[in-house]
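Please read the structure below before turning to the comments.
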Amino acid sequence: MTPFAATILTLYPEMFPGPLGVSLSGDALARGAWSLEARHIRDHGLGRHRAVDDTPAGGGPGMVLRCDVLAAAIDAAAPPGDPRPRLLMSPRGRPLTQALVRELAAGPGAVVVCGRFEGVDERLIEGRGLQEVSIGDYVLSGGEIAAMVLLDACVRLLPGVMGHDASGTEESFEGGLLEYPHYTRPRLWEDRSIPDVLLGGNHAAIARWRRAEAERLTRERRPDLLGEGGKG
């Protein structure tokens with residue numbers, strides 16, 4: 001097994017690797033720094049039509065992914081002894097934070113179930129110990145895009161994926177703050193200049209400015225990150 005092995009269970013395996021096959025994650029995938037396997041849930045479907053869903057118990061709109069079908073798919077992808085966490089992308093799950101990303105990236109990989117329709121039979125979540133993870137307070141058509149977000153966030157933290165080790169630590173959320181503003185050439189653009197402090201070569205002053213700007217932006221845009229009342 002490669003250092004970080006991702007297995008995706010989906011009704012649309014053709015969606016992968018998708019954006020994960022280009023840029024940093026794609027280069028790392030080609031180099032074998034991580035692996036990605038997309039498995040079709042319908043391979044374990046029932047009957048001639050490979051059915052994977054059924055009407056919700058108690059009535060209601062839509063369809064629900066069957067527990068027996070998904071259990072067979074999970075068991076085939078992650079037999080007993082597989083150390084990888086089993087995740088279900090779900091809007092009711094634990095929010096995907098940078099802390100969770102770092103935790104996952106430091107592990108052996110993940111088995112990620114991508115839901116569709118109205119959801120997944122609750123017994124499957126309990127019976128296979130799925131950890132529900134959400135990328136935000138909104139509903140997507142399925143879990144595939146959410147799985148890509150999760151994996152992109154994890155893969156870029158794997159050793160050797162980013163060109164500069166500090167790139168992964170001086171970013172939004174890494175220190176509990178949003179990232180400070182960035183500038184590059186030209187020095188003057190449309191009457192807007194790079195802040196003088198960034199051009200003076202005083203690294204201590206630059207560090208103080210960046211910290212102050214990060215705190216300012218966080219107070220303005222995400223006071224929740226600073227604790228109750230927006231005070232750090």
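Beta bridges per DSSP, both residues in the chain: antiparallel share near 20 percent.
The packing ranking of peptides 202-208, 6-12, highest mean first, is 6-12, 202-208, where packing means the average number of other beta carbon atoms within 10 angstrom of each residue. Relative to the current alpha-carbon distance between Arg192 and Arg92, full extension at 0.36 nm per residue lengthens the span by 31.6 nm. For Asp121, the residues whose modelled amide H falls within less than 5 Å of its own, excluding neighbours fewer than 5 places apart on the same chain, are Leu65, Cys67.
Over the chain, the hull volume per residue, using the convex hull of the C-alpha atoms, is 184 Å³.
Build a GNM of the chain with springs between Cα atoms under 10 Å apart, and of Thr218, Thr55, Thr184 the one that fluctuates most is Thr184. To the nearest ten degrees, helix 203-221 and the longest principal axis of the Cα atoms of the chain are 50 degrees apart. Net charge of the neighbourhood of Leu96, taken over other residues with C-beta under 12 Å away and scored Lys/Arg +1, Asp/Glu -1, is -2. With the largest listed first and rounded to whole Å, the semi-axes of the equivalent ellipsoid of the stretch 181-232 from the Cα gyration tensor are 27, 14, 6.
For the chain, the longest principal axis of the C-alpha atoms and the axis of helix 144-155 are separated by about 50°. Rg and Dmax of the stretch 10-107, based on Cα coordinates, read 16.4, 50 Å. Applying D = kT/(6 pi eta Rh) to the stretch 127-228, where Rh is the Kirkwood radius over alpha-carbon pairs, T corresponds to 4 °C and eta to 1.567 mPa s, the Stokes-Einstein value obtained is 76 µm²/s. Summing Lys and Arg as +1 and Asp and Glu as -1 over all other residues whose Cβ lies under 15 Å from the Cβ of Glu144 gives a net charge of 0.
Working note: Karplus 6.51/-1.76/1.60 with θ = phi - 60° gives the stretch 57-72 the couplings 4, x, x, x, x, x, 10, 10, 5, 6, 6, 5, 5, 5, 4, 5 Hz, where Gly and Pro are set to x. Computed over the Cα atoms of the stretch 31-74, the ratio of the radius of gyration to the Kirkwood radius (Rg/Rh) comes to 1.17. Taking the Cα centroid of the stretch 1-46 and of the stretch 57-94, what is the distance between the two, rounded to the nearest whole Å? The distance from the Cα centre of the stretch 1-46 to that of the stretch 57-94 comes to 17 Å.
Each value in this text was obtained by applying a stated rule to the coordinates, not by laboratory testing. The shown structure was predicted, so the numbers you read here are calculated from the model rather than taken from an experiment. A quick note on method: Cβ atoms are made from the backbone with ideal geometry, for glycine too, and the neighbour counts reach across all protein chains shown.
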